[in-house]
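What follows is a single structure, written as structure tokens, with notes after it.
Just so you know, all these numbers are worked out from the coordinates, no wet-lab data involved. Remember, predicted model here, so these are calculated numbers, not experimental data. Here the Cβ positions follow ideal geometry from the backbone for every residue, glycine too, while neighbour counts run over all protein chains shown.
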Amino acid sequence: MKAVLLEGYGGSEVLRLGELPRPVPEGRQVLVEVLATSVNPIDWKLRKHGGDWAPEPGGVLHGDLAGRVAAVGPQATRFQVGDAVYGCAGGLRGYDGALAEFMRCDEELLAAKPETLDWRQAAALPLVTLTAWEGLIDRARLQPGERVLVQGGAGGVGHVAIQLAKAAGAWVAATVSSAAKAEVARRCGADATIDYRREAPADYAARLTGGAGFDLAFDTIGASAFAASIEALRPGGRLVTIAATEAFVLAPAHARGLDIQIVLMLLPMLTGRGKARQGELLAQAARLADMGRLAPVLDPRAFTLAEAAAAHDRQESGEALGKMVITVGPA
């Protein structure tokens, strides 16, 4: 089968189109014919920096996929050959990756593909949806009527977080850095958009919450956005971050009595615990999608498997407006 192999760690030139034997599913694995995969920041970061989570040289990146089940392992029970599925099921050391025509996946990490979405749309959803769902629903216990601040509302996780928060009955404001990104956030249901370059957190919190502060902040950026979230929250509010990659000064959060949660969506694959929960969440997300309440925004540029390096470059540049998707096989 064709696959994009990781020849080492560094720039996108370390990605090379090559051949690998078609994998054989074992145990509760299923073999999926990959029809599309999306690019997430973790993909280019593992390619660039390596580390304990990265596939070894000769391995394959990417966790997000949508495709059809081509074979099932001897203990697999959830899917049959021909089923349309989607999930985030690999791209890490010890796992297959989705930059290939076929990928072995733990069946627990997959769900039936949303019927109303095409392959590219479905492939764009898993990682970002699981991240936003864990943060907003599982960790922060978002309630109807609460006021939510999404930092980075036009980003991959951010634009899905807006939709999930709206589906849960929240009022949502999103920070953005341009008019085009504000339009993306509004299309996803944001009740208000904030140009964070032009308005201070205390000012927009006062303007949008009547001086009370937001109930919940969802930080997809880290650094200054984490600090801004603390300033914008009410006393006793909740702050969820998916970008705790540096040291933070927590004294201001302590002074407000904030509840801080840190989300790492990859933990079930890294630890082996909690995989079934991710499949369950994707099944719920598929139902939301089929109700018209959840859909990804896709970058207008389309890429093929042979163009994976170019897709990585565009994702890393920050120029993409929406999720980057690579078409792998025929629909």
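What the table below lists for this structure:
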quantity	calculated
Calculated [θ] (222 nm, deg cm²/dmol) that DSSP helices of n ≥ 4 give over the chain, each run adding -39,500 (n - 2.57)	-8500 deg cm²/dmol
Radius of gyration and maximum dimension Dmax of segment 87-207, Cα, Å	16.6, 52
Nitroxide proxy distance, nm - points 7 Å out along Cα→Cβ at GLU115 and GLU199	4.1
Kirkwood hydrodynamic radius of segment 27-171, Cα pairs, Å	16.1
Of the trypsin sites (Lys or Arg not before Pro) in segment 256-331, those whose Cβ has at most 14 other Cβ within 10 Å and which sit in DSSP loop	ARG273, ARG293
Considering only the chain, percent of DSSP beta bridges that pair antiparallel, nearest 5	55
Net charge contributed by nearby residues that have their C-beta within less than 15 Å of ARG277 (K/R +1, D/E -1)	-2
Convex hull of segment 140-262 built on C-alpha atoms - directionally averaged projected area, nm²	6.6
Among the listed pairs LYS2/LYS275; LYS113/LYS181; LYS113/LYS275, those beyond 23 Å (Cα-Cα)	LYS2/LYS275; LYS113/LYS181
Whole-number percent relative contact order across the chain, with pairs defined as alpha carbons under 8 Å at least 6 apart	19
DSSP-assigned coil residues among trypsin sites (Lys or Arg not before Pro) in segment 168-200, each with at most 10 further Cβ atoms within 10 Å	ARG197, ARG198
C-alpha center-to-center spacing [segment 1-40, segment 42-71] in angstrom	7
Against the rule of thumb 2.2 N^0.38 Å, how large the Cα Rg of segment 279-331 comes out	1.38
Chain lengthening between ALA255 and ARG22 when straightened (0.36 nm per residue, less Cα-Cα)	78.3 nm
³J(HN,Hα) computed for each position of segment 102-116 - Karplus, 6.51 cos²θ - 1.76 cosθ + 1.60, integer Hz, glycine/proline x	9, 9, 7, 9, 5, 4, 5, 8, 10, 9, 4, 4, x, 5, 8
Within-15-Å neighbourhood charge of LEU20 [Cβ basis; K, R +1; D, E -1]	-2
At 0.890 mPa s and 25 °C, Stokes diffusion of segment 69-146 via Kirkwood alpha-carbon radius, µm² per second	172
Calculated SAXS-style log₁₀ I(q)/I(0) at q = 0.15, 0.19, 0.22 Å⁻¹ - segment 221-330, Debye, Cα scatterers	-1.03, -1.18, -1.14
Tail weight of P(r) past 13 Å, computed on alpha-carbon pairs of segment 29-80, percent	65
Normalised contact order of segment 140-262, rounded percent, pairs of Cα under 8 Å and 6 or more residues apart	23
Cα-only radius of gyration and Dmax that characterise the chain, units Å	19.6, 61
Proximal charge balance of TYR9 [Cβ under 15 Å; K/R count +1, D/E count -1]	-1
Of GLY189, GLY158, GLY11, the one that fluctuates the most in a GNM where the chain has Cα springs shorter than 10 Å	GLY11
Amide hydrogen neighbours beyond the local backbone of LEU5, cut-off 5 Å, H modeled	ARG16, LEU17, GLY18
